[in-house]
1. Can you tell me the FRET efficiency between Phe54 and Gln207 if r is taken as the Cβ-Cβ distance and R0 is 25 Å, rounded to the nearest 0.05?
2. When the distances between all Cα atoms of segment 157-218 are binned every 5 Å from zero, what whole-number percent does each bin get?
3. Any idea how far apart Thr194 and Tyr33 come out in nm if each label point goes 7 Å out from Cα toward Cβ?
4. Hey, with R₀ at 30 Å, roughly what FRET efficiency would Met17 and Asn214 work out to, going by the Cβ-Cβ distance, to 0.05?
5. For a paramagnetic label modelled at 7 Å from the Cα of Trp171 toward its Cβ, which residues of segment 189-206 fall within the zone defined by backbone nitrogen distances under 19 Å?
Amino acid sequence: MDGDGQMNPEYLDKLIMPIIEKKADYAKGNRFYDFNALQSMPKIRLIGNGILSFFTKAASVYWNITDVVNGYTAISGNVLKNLNLSKLNEGYFFEINILIQIGIAGYVVYDIPIPAVYRDETSNMRIMQILAAFPFLLFIELCKRIFYRYFIYDFNMASIYIMLGLPMTTWGIAFGIYRWSVGIATGIPNSAGTTFLSVLPLILGVQFLLQAINIDIANIPFKNQ
């Protein structure tokens, strides 16, 4: 529980219950369920949280989790022992970092509706610093999770789609840009065959990556009730 006064302790029982009942390994508060509470949230924070949530879903595998930077959390003691705490970020990336670590290990996460309390406090979070640092950190964590989940711990159709989709998409974009720049410089239009060498790998590569994303979404960890 953060010490900023925004987290109501009356919801603590609700937060820890899924862990006590062994339905989840990690529980997170979610401020986005309560529309009335959202109206009191600063608009810049609301927009930033929404954008950040999307990229965190991809990096962590928890496509069902919305409020990714919520610090009102509960975790199983057994899970906590298995995490590498020395590798956790000590800044505002901490909540996302622990979510990604848990995602790599395949633990179950629950989203618990808990409204936040906003008064006239001043936040120390600097939006521009977050925008500058988080994309790089999320990209590194995404690559790490894909490597471990689909090439170390398991190898399935998503692994094959990634192996095919990434190089084909990269080739299609790079070759297309190259031929477009050559055409601009020389004034000679590219032939249909040359254009096809860029478009076909790009279309197929994107389709392969979309299939990999679909498999990834279907692989959200859960426990049988």
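1. Plugging the Cβ-Cβ distance into 1/(1 + (r/R0)^6) gives 0.75.
2. 4, 21, 22, 18, 13, 10, 7, 4, 2, 0
3. 5.8 nm
4. In this case the efficiency is close to 0.40.
5. 191-206
Computed from the coordinates by the stated procedures, all read-outs in this text should not be read as laboratory data. Predicted model, so just to flag it, every value in this text is computed and none were measured. Quick reminder, even Gly has a Cβ in these numbers, built from the backbone with ideal geometry, and neighbours come from all protein chains shown.
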